[in-house]
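Notes follow once the structure below has been shown.
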Amino acid sequence: MSKEPGSGSIISIYNGLLAKHPLLVKSITGALLSSLGELISQWTTILYGSYKSESTEKYRSPKAICGQLIREPKILKVLVMFCYGGLINAPINHFMYRRITAITGKYCKSAKARSFVQLLAALSIVSPLQVLFLVAILTINTHFDGDVNRLWTHIKRSVKSKYVKILTSSCVSTTVLVSFAQKYIEPEKWSVFFSFAYAILGTSQNIYLKLKK
């Protein structure tokens, strides 16, 4: 019996694994996306530093810049983001949104009521928790110098100064993302969709903090 077109594609294989091992696949996806985002942010700051110093340095060949991009990234920070994406962010998305969609599907008979409650739960439960961990992790990757006591001080200061601001912007993005997911994405794949979206947003925030520092 012949295979259907595209039955052996990467997407179909991924969907098959996602159906069999949802949490594992989502965690691996989140880990890879978060670590890639950290690597991209480091590369961006390296390139930005290279550009800023062009007026005082001799011309640097593309080969020299590529060598710098390979040598200078801090692997420990990439691993921290790998663990964050796989052990914190992806499980939060998986369990929270699975629970939210299950409860609203059972008790909310109206489609409008279901959508409203799902959005309300995302804004009041999921986003605040995710932003708290995100601020903490980004602070660790920005300020960690080996002193744990000083790091805890930095985390508390960052949460106090940045939490509300980031949460406000997160609520806007969450509203857009949840509204999109409700219309076009099946509930079991919400976690994967949000992992991709939050990886992009987290990378942008990470680049901003690194350049600001």
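The values are calculated or read from the model by the stated rules, or taken from the named source; none is laboratory data. No experiment lies behind these values; they were computed from the predicted model shown. All Cβ positions, even for glycine, are placed from backbone atoms using ideal geometry, and neighbour counts span all protein chains on display.
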Members of the range 152-203 found to be surrounded by fewer than 14 Cβ atoms within 10 Å (Cβ to Cβ), within 16 Å of Thr139 (Cβ to Cβ) and of a type in the set (S, T, N, Q), listed by number
Thr153, Ser161
Kindly list the number of the only condition in (1) part of a helix (DSSP H, G or I); (2) at pLDDT 65 or above that fails for Tyr51.
(2)
Tally of residues being over 19 Å from the mean Cα position of the chain (by Cα) and within 18 Å of Val80 (Cβ to Cβ) across the range 146-166:
7
Only one of Ser173, Ser127, Ser195, Ser169 that is at pLDDT below 90, within 14 Å of the chain's Cα centre (by Cα) and of a type in the set (Ser, Thr, Tyr):
Ser195
List every residue pair whose Cβ atoms sit under 8 Å apart, with the two residues 6 or more apart in sequence or on different chains, where the first one lies in the range 130-156 and is small (Gly, Ala, Ser) and the second, anywhere, is at pLDDT 80 or above.
Ala136/Ile155; Ala136/Ser158; Ala136/Val159
